[in-house]
1. Can you tell me which of (1) at pLDDT below 95; (2) crowded, with 16+ Cβ neighbours inside 10 Å; (3) in contact with a strand residue (DSSP E or B) (Cβ under 7 Å, 6 or more places away or on another chain) is the one residue 366 doesn't meet?
2. Could you run through the range 336-354 and say how many residues are assigned to a loop (DSSP other than H, G, I, E, B) and either out of contact with any Leu (no Cβ under 7 Å at 6 or more places or on another chain) or surrounded by fewer than 16 Cβ atoms within 10 Å (Cβ to Cβ) (or both)?
3. Out of the residues in the range 92-108 that are among the hydroxyl-bearing types (Ser, Thr, Tyr) and in a helix (DSSP H, G or I), state the one that is surrounded by the most Cβ atoms within 10 Å (Cβ to Cβ).
4. Restricting to the range 384-398, what's the tally of residues that are in a strand (DSSP E or B) and touching a strand residue (DSSP E or B) at 6+ places or on another chain (Cβ under 9 Å)?
5. Among the candidates 72, 18, single out the residue that is part of a helix (DSSP H, G or I), over 16 Å from residue 270 (Cα atoms), at pLDDT 95 or above and not acidic (Asp, Glu).
6. Residues in the range 363-378: is at least one assigned by TED's automatic domain parsing to the domain that holds residue 463, in contact (Cβ under 8 Å) with a residue 24 or more places away in the chain, acidic (Asp, Glu) and more than 22 Å from residue 289 (Cα to Cα)?
7. Of the residues 584, 580, 571, which single one is over 23 Å from residue 504 (Cβ atoms) and at pLDDT below 75?
8. Inspect the range 262-281 for any residue being in a helix (DSSP H, G or I) and either at pLDDT 95 or above or surrounded by fewer than 20 Cβ atoms within 10 Å (Cβ to Cβ) (or both) and give the result as yes or no.
Amino acid sequence: MKAVMLMFDTLTRNHLAPYGGDAITPNFTRLARESAQFDNFYVGSMPCMPARRELHTGRYNFLHRSWGPMEPFDFSTFQALKQAGVHTHMVTDHKHYWRDGGATYHTRYSTFEFIRGQEGDCWKGQVEKPAINWQGMEDAETLRRRSGRMTQDLINRAAMLTQEEHFTHRTIGAGLEFLDTNQHQDNWFLQIECFDPHEPFFVPEKYLAQYGCTSDEFDGWVPYYCGAPGGKDDDKVRKFYQALITMCDDYLGQVMDKLKALNLWEDTLFIVCTDHGFLLGEHQWWGKNIMPVYNEIANTPFFIRDPRCKAEGVRRSALAQTVDIPATLLDYFDVPRPPSMTGKPLRPAVENDTPIRDYAMFGYFGGHINITDGDYVYMRCPREEGKGSLYEYTLMPTRIDSMFNVSELRNISIHPGFDFTQGAQVMQIPATFGYMEPWRFGDKLFDLNSDPQQLRPLRDSERVLHYARAMTGQMQRHDAPPELYTRFELDALTPEREQAFTERWAKQTVWTGKEYRCEHHGVEEALRFVLSAATKEGVSQEDVLKHFPAEHLLVEMDIFTLIDACFTGDRHKALVYQSRLLLRTE
């Protein structure tokens, strides 16, 4: 038995030709003709490493902790395969595997190979730093958060002047080398994992030329802002992203051709997938993480060719998600699934579109809890700002690129553990990390059949209750921490409580329109955020808005005028930074 999983990071399906996109992707089209293409495949936990923890464990990450490494009690699919006599090999240029918050993943495989240089990877040592235009980074906080990665990225790019030196070319090349070496062997799994088309969009010229662009037009860095990059540059940024997708498509074709040339195509499980998508101006947002998890981010492309059932050129509507991939691999290699794994093998869905789950739940730690049945998506926000405690549960207190601060560890408690911790107790740490005030967006309900682009939120209290109850059942099945039921008011669902929340949220958020107008959507979002912060400080919204006369058109600089007038110290600095995330400033 042999299997290959080709994984791209941040691959948004609505740009791919098989999903109706207009990027140049002939090999994705060819793959769709020779595999099963899923239409209702969803993420689980986001972003990068939370999704990869799900690839190992086959259960949700985002209910219990934020970005972090594999835990001592975690089941790893790839380690289980290794222990069962299947050689598991990963080749990747995903730099997060060798940062603090990901350093326990790659060692679960039999062997692994890293390709260096992606997204500011601390790779090439150069004392004298290249000059960068920091225009648009007026505040020190923004500069601190982004300057290091951008500077190192320029240094790394100088070492990759040709396509053959590009990290994606080297990553695919290393995967093809494994296939050449092991073509006559059996019982192996190969994971080829490319960080592209994740930003920054560093694209060889031959692919940019297909979209009428050159590399000197854009540095490839997309800020996660509302309303950014803005104006005439919007289309250029999309073209850079699509050029990168076209490059990924080219390398997908090379993998497919190699499997066929080595006579592996007919008897090898082949999966092509991603961890999440990306917004490029849809819903007036760019990026991910901050905004609600719209389907451009959550509903991802997925293709699978299973030699056991030979389903080719078919589309599947069965609901599936990331946690089902490890269950599928264990099923394929006939390795038992552990009780902690909630994902389901995809074979019935691949063979004849048999449903394997009723609901998919997804989200970021600290953000909305989202649920879908393939027909509707319901996004539930915390019921009040700050209501209900939020904790991280871990024995590995590290994040994306750092350990937890000592100050965060001074007030920990010991929790008895959950159904997946194998009897181990865990640290219960008050959360200081979260995605920007999900309360301000409120609840959202979308009918995917009549409104696939999620442009018209519904007001349907009966459906909200239905999906909230389904959400509660899913959380119970995944042994969610008890405080989440309080935070989201899922502990006593009634129509009256739902109506009271709707009225309470509307009263605190409906303040634009008749009295104040905003220059653009980003100003509106930033103003909501500043007013929310002022309320927490005991300052009424009326006192904040008194700085401007009625009928005043609020522009970007007005937001910072309000921050200067109402806040000082660290709170002022944080609000300036966070407001820049909501405004077009770069």
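The values are calculated or read from the model by the stated rules, or taken from the named source; none is laboratory data. Quick caveat, the model's predicted, so the values are computed rather than measured. Note: ideal-geometry Cβ built from the backbone for every residue, glycine included; neighbour counts use all protein chains shown.
1. Going through (1) at pLDDT below 95; (2) crowded, with 16+ Cβ neighbours inside 10 Å; (3) in contact with a strand residue (DSSP E or B) (Cβ under 7 Å, 6 or more places away or on another chain) one by one, residue 366 breaks only (3).
2. Of the residues in the range 336-354, the ones assigned to a loop (DSSP other than H, G, I, E, B) are 336-346, 353-354.
Add one more test, that the residue is either out of contact with any Leu (no Cβ under 7 Å at 6 or more places or on another chain) or surrounded by fewer than 16 Cβ atoms within 10 Å (Cβ to Cβ) (or both), and what stays is 336, 338-346, 353-354.
So the answer is 12.
3. Just the residues of the range 92-108 that are among the hydroxyl-bearing types (Ser, Thr, Tyr), to begin with: 92, 97, 104-105, 107.
Imposing the further condition that a residue be in a helix (DSSP H, G or I) reduces the set to 97, 107.
Working: 97: 22, 107: 12.
Filtering the range 92-108 for residues that are among the hydroxyl-bearing types (Ser, Thr, Tyr) and in a helix (DSSP H, G or I), the one surrounded by the most Cβ atoms within 10 Å (Cβ to Cβ) comes out as 97.
4. Taking the range 384-398 as the starting set, the residues that turn out to be in a strand (DSSP E or B) are 391-394, 398.
So of that shortlist, the ones also touching a strand residue (DSSP E or B) at 6+ places or on another chain (Cβ under 9 Å) come out as 391-394.
Residues that pass the stated criteria total 4.
5. Numbers: 72 fails: part of a helix (DSSP H, G or I).
Being part of a helix (DSSP H, G or I), over 16 Å from residue 270 (Cα atoms), at pLDDT 95 or above and not acidic (Asp, Glu) holds for just one of 72, 18, which is 18.
6. Yes: the range 363-378 contains one or more residues that are assigned by TED's automatic domain parsing to the domain that holds residue 463, in contact (Cβ under 8 Å) with a residue 24 or more places away in the chain, acidic (Asp, Glu) and more than 22 Å from residue 289 (Cα to Cα).
7. Numbers: 580 fails: at pLDDT below 75; 571 fails: at pLDDT below 75.
Just a single option satisfies the conditions, and that option is 584.
8. Our first condition is that a residue be in a helix (DSSP H, G or I); within the range 262-281, this holds for none.
Within the range 262-281, none of the residues are in a helix (DSSP H, G or I) and either at pLDDT 95 or above or surrounded by fewer than 20 Cβ atoms within 10 Å (Cβ to Cβ) (or both).
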